[in-house]
Amino acid sequence: MPRRKTGLTLIAIVVLVAAGRAAVAQDPAPAGFGRRHIFLTGMAGMTVAQALRGAMQRLWRPECQQVFEDFTDQAGRTLTTSLGATAQSPADVLAGLYFVDGDDTVRCRTDRLVAAFTTPGSRVIHVCGRQFIKLSSQAKPREILLIHELLHSLGLGENPPTSSRITAAVMSRCGSL
């Protein structure tokens, strides 16, 4: 009997170690990533978490990181300079932002085309949950939108450049996986 118990214990340990390695290999998120920065509940929270993971994957690609060279902050510095001041990777900066429920804000209630917004330099992204969920049946537009908002958090203003110009640049640099 002790022999059988030892064999089962060994099998359980091997399975747990293998599962842990597989989870680490599939998850490019930084160690501190978690729901602690996503302050939305239900489907909106799950959708933001999924989009955040996908956006972070995109940001690891060098061609996607070029988008930080395409724009400047309000002081005229490239966003690469702003990013460098954080001493973090683009994915880590994105993971460090706070995603909050914006459904009750005037902007989310009055503009049905807005799915998320922030102000230049802010670490808080307001997510219009209903619009964010409806944005697309696919994850890609949501991921692109989160990278768009990351650019604003690094200091990029709007008008100029227009929102559509920013999104087009992000799509061009980060759209393919």
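The values are calculated or read from the model by the stated rules, or taken from the named source; none is laboratory data. Since the model is a prediction, treat every value here as computed from it, not as a measurement. Here Cβ is always computed from backbone atoms with ideal geometry, including for glycine, and neighbour counts include all displayed protein chains.
Please work out which residue is surrounded by the most Cβ atoms within 10 Å (Cβ to Cβ), limiting yourself to segment 76-105 and to residues that are over 16 Å from Ala49 (Cα atoms) and of a type in the set (D, E, K, R). Can you show your working first?
Step one: filter segment 76-105 for residues over 16 Å from Ala49 (Cα atoms), giving 76-90, 103-105.
Pick out the ones that are also of a type in the set (D, E, K, R) and you get 77, 103-104.
On the way: Arg77: 14, Asp103: 16, Asp104: 9.
Checking each candidate, the answer is Asp103.
Let me spell it out: the conditions are (1) part of a loop (DSSP other than H, G, I, E, B); (2) touching a residue at least 60 places away in the same chain (Cβ under 8 Å), and Ser136 meets all of them except one. Which number is the exception?
Every listed condition holds for Ser136 apart from (2).
Return the residues of segment 154-175 that are polar (S, T, N, Q) and either touching a residue at least 40 places away in the same chain (Cβ under 8 Å) or not in a loop (DSSP other than H, G, I, E, B) (or both); say none if nothing qualifies.
Of all residues in segment 154-175, those polar (S, T, N, Q) come to 159, 162-164, 167, 172.
Of everything in segment 154-175, those that are polar (S, T, N, Q) and either touching a residue at least 40 places away in the same chain (Cβ under 8 Å) or not in a loop (DSSP other than H, G, I, E, B) (or both) turn out to be Ser163, Ser164, Thr167, Ser172.
Just to be sure, is Ala44 in contact (Cβ under 8 Å) with a residue 24 or more places away in the chain and over 17 Å from Ser176 (Cα atoms)? Write out each step before concluding.
On the way: in contact (Cβ under 8 Å) with a residue 24 or more places away in the chain: yes; over 17 Å from Ser176 (Cα atoms): yes.
When the stated conditions are applied, Ala44 passes them.
Determine the pairs where a residue that is at pLDDT 95 or above, located within segment 139-152, has a partner that is hydroxyl-bearing (Ser, Thr, Tyr) and outside any helix (DSSP H, G or I) with Cβ atoms under 8 Å apart, the partner being 6 or more residues away or on another chain.
That search, which allows pairs on different chains as well, returns Arg142/Ser136; Glu149/Thr118; His152/Thr118; His152/Thr119; His152/Ser122.
Assess whether Glu149 counts as being among the charged types (D, E, K, R), in a helix (DSSP H, G or I) and farther than 23 Å from Thr81 by Cβ. Steps first, please.
On the way: among the charged types (D, E, K, R): yes; in a helix (DSSP H, G or I): yes; farther than 23 Å from Thr81 by Cβ: no.
So Glu149 fails the test.
Among Arg36, Arg58, Arg109, Arg53, which is basic (Lys, Arg), at pLDDT below 95 and either touching a strand residue (DSSP E or B) at 6+ places or on another chain (Cβ under 7 Å) or part of a helix (DSSP H, G or I) (or both)?
Details: Arg58 fails: at pLDDT below 95; Arg109 fails: at pLDDT below 95; Arg53 fails: at pLDDT below 95.
Unique residue meeting the criteria: Arg36.
Name, by its number, the condition in (1) surrounded by 22 or more Cβ atoms within 10 Å (Cβ to Cβ); (2) in a helix (DSSP H, G or I); (3) in contact with a strand residue (DSSP E or B) (Cβ under 8 Å, 6 or more places away or on another chain) that does not hold for Ala44.
Condition not satisfied by Ala44: (1).
Mind listing just one residue for me: the one in segment 55-71 that is surrounded by fewer than 18 Cβ atoms within 10 Å (Cβ to Cβ) and either in contact (Cβ under 8 Å) with a residue 60 or more places away in the chain or hydrophobic (A, V, I, L, M, F, W, C) (or both) and, of those, nearest to Gly155 (Cα to Cα)? Break it down into steps so the answer makes sense when it comes.
Step one: filter segment 55-71 for residues surrounded by fewer than 18 Cβ atoms within 10 Å (Cβ to Cβ), giving 57, 60-63, 66, 69.
After this cut, where a residue has to be either in contact (Cβ under 8 Å) with a residue 60 or more places away in the chain or hydrophobic (A, V, I, L, M, F, W, C) (or both) as well, the list is 57, 60-61, 63, 66.
On the way: Gln57: 22, Trp60: 20, Arg61: 22, Glu63: 21, Gln66: 16 Å.
My answer is Gln66.
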